[in-house]
């Protein structure tokens, strides 16, 4: 049976090459998201020697900006594009690693290739692959860990898997849940040798968490507020304020189900659950399958814990799910004739959002990623024309690094911290160096070289209006407009004391 399911290396290489080209194209046509603001700003700030929590607000665990900071050195002025292309490349790496994990776990090459490439039809995966966020790096690291866990191996393989999982959690805290699930799945077994192997996994996990622990130790108060308290408390404050508290309750599970339905994730889950219920001893008794099941359940639990649910929260469950799918496809059992057609229907449904992105790009006559790049350059030219020096404060901080200016560190988190009220006290805002709607006095300590307001991609016009009012209260006046942005600067009367301004930081 295995001989008939082998495929040539050329076909495998061509398939992954096609995946690479497709995902790179997605990086250009995917519409801009305000979520990208803090990741672009954080990468640029780290590249210039600043540290998360200590020097600027970062609402995640801290690994990603350090991994991608070299892109700012290599491609100054094109950071947004570079980050999107890097994420698309990491998405390809995740697909390839799912293929290798499947083969190591016992799947046939044909089944492994089919299951791994199905990831591009999953809404959560393709959404994350096309934006400059922190989703795909931890997914690739987790899948690397699954490759090492797919077969019983020597201690260093278990340590390496733990390190990879720990680094994934250091890039995005939600990956701590599947890491814990995999650990529990390894030690809660009657096999003493398996339990010992997962002690080494725990050692590696602790090593992978060291970057987070080190940076948290430098600024513990800011770390707890930004990486722990913010995801736990701020969504409740914000969604209650805007009248969408319903998104925090049980309705989020319906949204999760819808996200899984757009693409083959739901039908893959149903098939895996059915196989586990029919042959529980075979699926739970095998160490590799048990590990993949634990990772998939942990990823799903992580998605369920987030309030509200967002499309990208489902991503941690997908790599182990499609390793399990490859194992299911490898069994060669007779399947109902209607089942492949149902799979094809779900897969086709996964491309509907992508078709919408292409249609939107065609209607506007511009690739969204290039549009961001052009707007950044136009903004930079306007700032220079108005002789702006120092940092630039903006809620759309994804545009600032490629403009030739540095983001004011107090706005490194984009609109997400700014839109909160009642989240931090005035003393904490000053200590952590952050500006919120109700703690705007920090903006004057010292004032930025310019404040840029405008229509941001998520149309949070009230926030922009609020920032404009605060700019006016601080003595800023609007001096120019470009591509929907309004530039605010301060002028000083002769003889008035100069306000210190941070140095200009251009690529």
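Residues are listed down the side, and each one gets a yes or a no for (1) in contact with a strand residue (DSSP E or B) (Cβ under 7 Å, 6 or more places away or on another chain); (2) closer than 23 Å to residue 101 by Cα; (3) touching a residue at least 24 places away in the same chain (Cβ under 8 Å):
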residue: 227; (1), (2), (3): no, no, yes
residue: 234; (1), (2), (3): no, no, yes
residue: 251; (1), (2), (3): no, no, no
residue: 270; (1), (2), (3): no, yes, no
residue: 283; (1), (2), (3): no, yes, no
residue: 296; (1), (2), (3): no, yes, yes
residue: 304; (1), (2), (3): no, no, yes
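Considering only the range 50-124, give the helices (runs of 4 or more DSSP H) lying wholly within it that have at least 2 residues that are under 16 Å from the mean Cα position of the chain (by Cα) and within 13 Å of residue 319 (Cα to Cα).
79-105
Residue 300 - would you say it is touching a helix residue (DSSP H, G or I) at 6+ places or on another chain (Cβ under 8 Å) and without any contact (Cβ under 8 Å) to a residue 40 or more places away in the chain?
Criteria met by residue 300.
Name the residues in the range 70-94 that are surrounded by fewer than 18 Cβ atoms within 10 Å (Cβ to Cβ) and without any contact (Cβ under 8 Å) to a residue 40 or more places away in the chain, would you?
Listed by number, the residues that qualify are 70, 73, 74, 75.
Please verify whether the range 207-216 includes one or more residues that are buried (at least 17 other Cβ atoms within 10 Å of the Cβ), touching a residue at least 40 places away in the same chain (Cβ under 8 Å), touching a strand residue (DSSP E or B) at 6+ places or on another chain (Cβ under 7 Å) and under 22 Å from residue 163 (Cα atoms).
yes
Would you confirm, using the coordinates I've provided, whether residue 325 is closer than 23 Å to residue 188 by Cβ, in contact (Cβ under 8 Å) with a residue 24 or more places away in the chain and within 26 Å of the chain's Cα centre (by Cα)?
no
Among the residues of the range 402-436, which ones are more than 20 Å from residue 219 (Cβ to Cβ) and in a helix (DSSP H, G or I)?
402, 403, 415
Could you tell me whether any residue of the range 140-155 is out of contact with any strand residue (DSSP E or B) (no Cβ under 9 Å at 6 or more places or on another chain), over 17 Å from residue 295 (Cβ atoms) and without any contact (Cβ under 8 Å) to a residue 40 or more places away in the chain?
yes
To keep it simple, each residue is scored yes or no on (1) within 24 Å of residue 40 (Cβ to Cβ); (2) modelled with pLDDT of 95 or more.
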residue	(1), (2)
339	no, no
346	no, yes
361	yes, no
365	no, no
388	yes, no
392	yes, yes
396	yes, no
400	yes, yes
415	yes, no
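Looking at the range 164-179, is at least one residue within 21 Å of residue 136 (Cα to Cα), in a helix (DSSP H, G or I), out of contact with any helix residue (DSSP H, G or I) (no Cβ under 6 Å at 6 or more places or on another chain) and modelled with pLDDT of 90 or more?
There is at least one residue in the range 164-179 that is within 21 Å of residue 136 (Cα to Cα), in a helix (DSSP H, G or I), out of contact with any helix residue (DSSP H, G or I) (no Cβ under 6 Å at 6 or more places or on another chain) and modelled with pLDDT of 90 or more.
Take residue 224 and decide whether it is modelled with pLDDT of 95 or more and surrounded by fewer than 23 Cβ atoms within 10 Å (Cβ to Cβ).
yes
Please go through (1) surrounded by 15 or more Cβ atoms within 10 Å (Cβ to Cβ); (2) more than 25 Å from residue 290 (Cβ to Cβ); (3) in contact (Cβ under 8 Å) with a residue 60 or more places away in the chain for residue 266 and return the number of the only condition it doesn't satisfy.
(2)
Conditions tested, residue by residue: (1) in a helix (DSSP H, G or I); (2) in the same structural domain as residue 266 (by TED's automatic domain parsing).
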position	(1), (2)
349	yes, yes
353	yes, yes
372	yes, no
375	yes, no
380	yes, no
383	yes, no
388	no, no
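Name every residue in the range 446-474 that is modelled with pLDDT of 85 or more, in a loop (DSSP other than H, G, I, E, B) and in contact with a helix residue (DSSP H, G or I) (Cβ under 9 Å, 6 or more places away or on another chain), in order of residue number.
Of everything in the range 446-474, those that are modelled with pLDDT of 85 or more, in a loop (DSSP other than H, G, I, E, B) and in contact with a helix residue (DSSP H, G or I) (Cβ under 9 Å, 6 or more places away or on another chain) turn out to be 448, 449, 474.
Could you pull out the residue among 221, 263 that is outside any helix (DSSP H, G or I) and not assigned by TED's automatic domain parsing to the domain that holds residue 416?
The unique qualifying residue is 263.
Quick check on my filter: what residues within the range 164-192 are more than 21 Å from residue 327 (Cα to Cα) and buried (at least 24 other Cβ atoms within 10 Å of the Cβ)?
Across the range 164-192, the qualifying residues are 164, 165, 166, 167, 168, 169, 170, 171, 172, 174, 175, 179.
Could you count how many residues in the range 9-48 are closer than 30 Å to residue 460 by Cα and assigned to a helix (DSSP H, G or I)?
21
The values are calculated or read from the model by the stated rules, or taken from the named source; none is laboratory data. The structure displayed is predicted, hence computed values, not measured ones. Here Cβ is always computed from backbone atoms with ideal geometry, including for glycine, and neighbour counts include all displayed protein chains.
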